[in-house]
Amino acid sequence: MGQDQTKQQIEKGLHLYQSNQTEKALRVWMRVLEKSADPAGRFRVLGCLITAHAEMGRYKDMLKFAVVQIDTARELEDPDFLTESYLNLARSNEKLCEFQKTISYCKTCLNMQGTTVSMQLNGQVSLSMGNAFLGLSIFQKALECFEKALRYAHNNDDKMLECRVCCSLGNFYTQIKDYEKALFFPCKAAELVNDYGKGWSLKYRAMSQYHMAVAYRKLGRLADAMDCCEESMKIALQHGDRPLQALCLLCFADIHRSRRDVQLGLLKLHCLCERIYRTKEQQQELRDHVVKFHECVEEMELYCGMCGESIGEKNNQLQALPCSHFFHLKCLQTNGTRGCPNCRRLSVKPGYV
């Protein structure tokens with residue numbers, strides 16, 4: 001496969017990848033890798049494979065292609081290619097949480113000065129190094145790297161890099177529990193996406209929305225957190241971004257847990273007040289808290305979908321179905337194989353509570 005044909009096939013793979021036909025794109029690129037005699041073309045297609053496997057969460061494969069790309073760069077004897085390949089090697093190790101190796105490869109990149117491309121990549125190198133220091137909880141060095149990356153982004157008018165740095169800064173401030181700043185930076189990233197991101201991959205919007213969701217949850221703004229997390233998950237599902245899907249699922253769980261914690265607290269409060277006022281024979285206050293208790297039970301759907309009795313007042317065995325509706329075990333046993341009475345699904349294979 002010659003140089004022109006290699007270029008055409010790489011572009012074909014990019015078109016397939018951008019239209020969410022990921023597996024077809026990977027097959028096209030792998031054929032190029034096997035058949036192309038053009039080293040520069042092989043280098044470029046390896047970059048495509050590295051990016052694709054990173055976004056799918058296949059980090060060991062990402063590392064494998066990064067190692068091959070290093071060998072290709074050495075064959076080309078081009079310092080720009082070599083710097084880019086070391087950066088991809090650093091990113092691969094960052095994804096695999098090999099943070100010391102990430103820092104080492106980043107330092108190698110920074111030592112390879114002298115070319116225009118190498119200088120342009122320094123911002124991305126500083127960002128990757130900052131993420132590694134953050135992974136090691138070395139917060140001061142992480143912040144220094146992020147600020148350096150941000151300066152590179154401003155000096156080169158690189159809005160895409162600025163967006164990525166702002167998301168990392170959101171993660172940084174979340175970890176040190178400054179939640180106002182943890183919200184400010186991903187909001188800034190979202191603004192950059194809205195203003196400049198028409199030609200960008202949607203992953204930048206998804207990334208900013210996810211970090212906003214985390215910050216909103218920490219600030220107790222659960223409705224805003226849910227909206228941002230749903231937007232991020234929608235894009236992640238559309239593009240097959242499995243790592244982001246996993247992060248969104250964790251965020252959803254945290255949001256629901258936060259909501260339930262508040263509601264369960266109210267439920268316990270009304271239950272305790274009911275007992276106190278019953279003991280004191282204060283009938284009006286007793287009635288008020290009985291009503292509020294049952295309103296909480298209704299809102300949280302804490303009742304058996306078969307017998308209608310509230311769940312949690314007595315020690316009863318419970319059982320969940322795969323549809324996530326749950327019932328008293330004794331009620332479910334009497335139901336036989338008629339399926340879930342709430343959503344009418346036929347499967348009655350037990351789930352887990």
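Worth a mention:
- Taking the listed residues LYS159, LYS198, the one that is without any contact (Cβ under 8 Å) to a residue 24 or more places away in the chain and more than 16 Å from the chain's Cα centre (by Cα) is LYS198, with no other qualifying.
- Pair list, Cβ < 9 Å and 6+ apart or interchain, from the stretch 1-24 residues that are within 21 Å of GLY199 (Cα to Cα) to residues that are at pLDDT below 85 and hydrophobic (A, V, I, L, M, F, W, C): THR22/MET56
- Single residue of the stretch 206-241 satisfying the filter (in contact with a helix residue (DSSP H, G or I) (Cβ under 7 Å, 6 or more places away or on another chain) and polar (S, T, N, Q)) that is farthest from ASN171 (Cα to Cα): SER232
- In the set (1) modelled with pLDDT of 95 or more; (2) closer than 21 Å to LEU82 by Cβ; (3) more than 19 Å from the chain's Cα centre (by Cα); (4) open to solvent by less than 40 Å² (accessible area, probe 1.4 Å), the condition left unmet by PHE133 is number (2).
- Of the residues ALA90, ALA54, the single one that is under 25 Å from ARG151 (Cα atoms) and within 23 Å of the chain's Cα centre (by Cα) is ALA90.
- Of residues in the stretch 170-193 being charged (D, E, K, R) and not in a loop (DSSP other than H, G, I, E, B), the one farthest from GLY135 (Cα to Cα): GLU191
- For the stretch 170-203, taking the residues that are within 18 Å of CYS229 (Cα to Cα) and among the aliphatic types (A, V, I, L, M), the one that is surrounded by the most Cβ atoms within 10 Å (Cβ to Cβ) is identified as ALA189.
- From the options MET207, MET212, residue that is part of a helix (DSSP H, G or I), surrounded by 17 or more Cβ atoms within 10 Å (Cβ to Cβ) and touching a Lys or Arg at 6+ places or on another chain (Cβ under 9 Å): MET207
- Looking only at the stretch 215-242, and only at residues there that are more than 11 Å from the chain's Cα centre (by Cα) and not in a helix (DSSP H, G or I), the one that is surrounded by the fewest Cβ atoms within 10 Å (Cβ to Cβ): GLY220
- Among residues that are crowded, with 21+ Cβ neighbours inside 10 Å and among the hydroxyl-bearing types (Ser, Thr, Tyr), THR108 is not included.
- TYR152 satisfies every condition listed in (1) open to solvent by 20 Å² or more (accessible area, probe 1.4 Å); (2) in contact with a Lys or Arg (Cβ under 8 Å, 6 or more places away or on another chain) except (2).
The values are calculated or read from the model by the stated rules, or taken from the named source; none is laboratory data. Given the structure is predicted, the values throughout are model-derived calculations rather than measurements. Cβ: placed from backbone, ideal geometry, glycine included. Neighbour counts: every protein chain shown. Heavy atoms of the whole protein, side chains included, go into the accessibility calculation; ligands, DNA and RNA do not. Shrake-Rupley method; radii C 1.70, N 1.55, O 1.52, S 1.80 Å.
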